[in-house]
Amino acid sequence: MSDWQYLFIAGASRSGTTLLMNLLDGHPDLVVFPMEHRVFPGFFRTPPENRPAYFHGSFIEDRAAGQQSILASKALHDKYRERMERELGIDFFLDVDHEKFLETYRKTLGPSQPTLRAVLDSLMVALLSSSRAVPKTADSFRYAVFKDPFTT
């Protein structure tokens with residue numbers, strides 16, 4: 001589907017992974033997925049016969065499955081934003097068309113048995129197509145960056 005390469009930022013809590021992600025975000029050859037996605041735990045814990053239902057359902061809709069659901073739901077995004085402001089004093093906002101993100105993710109993933117690459121591609125294509133702030137297209141960068149603290 002894509003010819004970009006994936007870079008993964010992994011590390012223990014409070015080890016600087018978010019700082020590194022933010023520093024890389026300004027590089028013209030990179031697009032950084034703004035949330036921790038939990039693709040790997042979901043993929044390897046879900047039996048192969050259940051993966052299509054999981055990646056079309058709870059993975060993208062349930063907040064407990066990972067932060068990617070915040071991009072797919074305005075209600076979850078607003079709830080997360082309020083929590084960040086209340087608990088950390090951070091003004092958090094992602095300029096994403098949530099319906100378009102969810103629609104593009106599901107359309108790109110397709111109904112067949114998902115591979116790890118297909119899930120990651122679908123997340124990135126959905127982000128690029130639904131973001132009002134990312135001035136990049138799938139052809140304008142070489143690397144997609146994901147932060148996944150659960151790979152350590």
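Just so you know, all these numbers are worked out from the coordinates, no wet-lab data involved. This structure is a prediction, so every number in the text was calculated from the model and none was measured. Please note: Cβ atoms are built from the backbone with ideal geometry, for glycine as well, and neighbour counts cover all protein chains shown.
Just for the chain, what percent of DSSP beta bridges are antiparallel, to the closest 5?
Antiparallel bridges: around 10 percent, rounded to the nearest 5.
Quick one, can you get me the convex hull of the C-alpha atoms of the range 91-135 expressed as volume per residue in Å³?
Looking at the range 91-135, the number lands at 72 Å³ per residue.
Which chymotrypsin sites (Phe, Trp or Tyr not before Pro) from the range 75-107 combine a DSSP loop assignment with at most 16 other Cβ atoms within 10 Å? Please list the in-between numbers first.
On the way: sites: Y80, F92, F93, F101, Y105; in loops: F92, F93.
Counting only loop positions with at most 16 other Cβ atoms within 10 Å, the chymotrypsin sites (Phe, Trp or Tyr not before Pro) in the range 75-107 are F92, F93.
Using only the alpha carbon atoms of the range 59-131, find the Kirkwood hydrodynamic radius as the inverse mean reciprocal pair distance, in angstroms to one decimal.
This gives a value of 12.7 Å.
Per the Debye formula with a single identical scatterer at each Cα and no solvent contribution, what log10 I(q)/I(0) holds for the chain at q = 0.16 Å⁻¹?
The Cα Debye sum returns log10 ratios of -0.91.
Quick one: Karplus J couplings for the range 49-59, per residue in order, coefficients 6.51, -1.76, 1.60, θ = phi - 60°, nearest Hz, x for Gly and Pro?
Listing the rounded values in order: 5, 9, 5, x, 5, 5, 6, 8, x, 4, 4 Hz.
Can you check how the C-alpha radius of gyration of the range 1-76 compares to 2.2 N^0.38 Å, as a plain ratio?
Here the answer is 1.25, to two decimals.
Please give the length that would be gained between A75 and A10 if that part of the chain were fully extended, namely 0.36 nm times their separation in residues minus their C-alpha to C-alpha distance (nm, one decimal).
That works out to 20.6 nm of additional length.
Show me, for the range 115-123, the HN-Hα J-couplings you get by feeding each phi into the Karplus relation (A = 6.51, B = -1.76, C = 1.60, θ = phi - 60°), rounded to Hz, glycine and proline as x.
Going residue by residue, I get 9, 4, 4, 5, 5, 5, 4, 5, 4 Hz, with x marking Gly and Pro.
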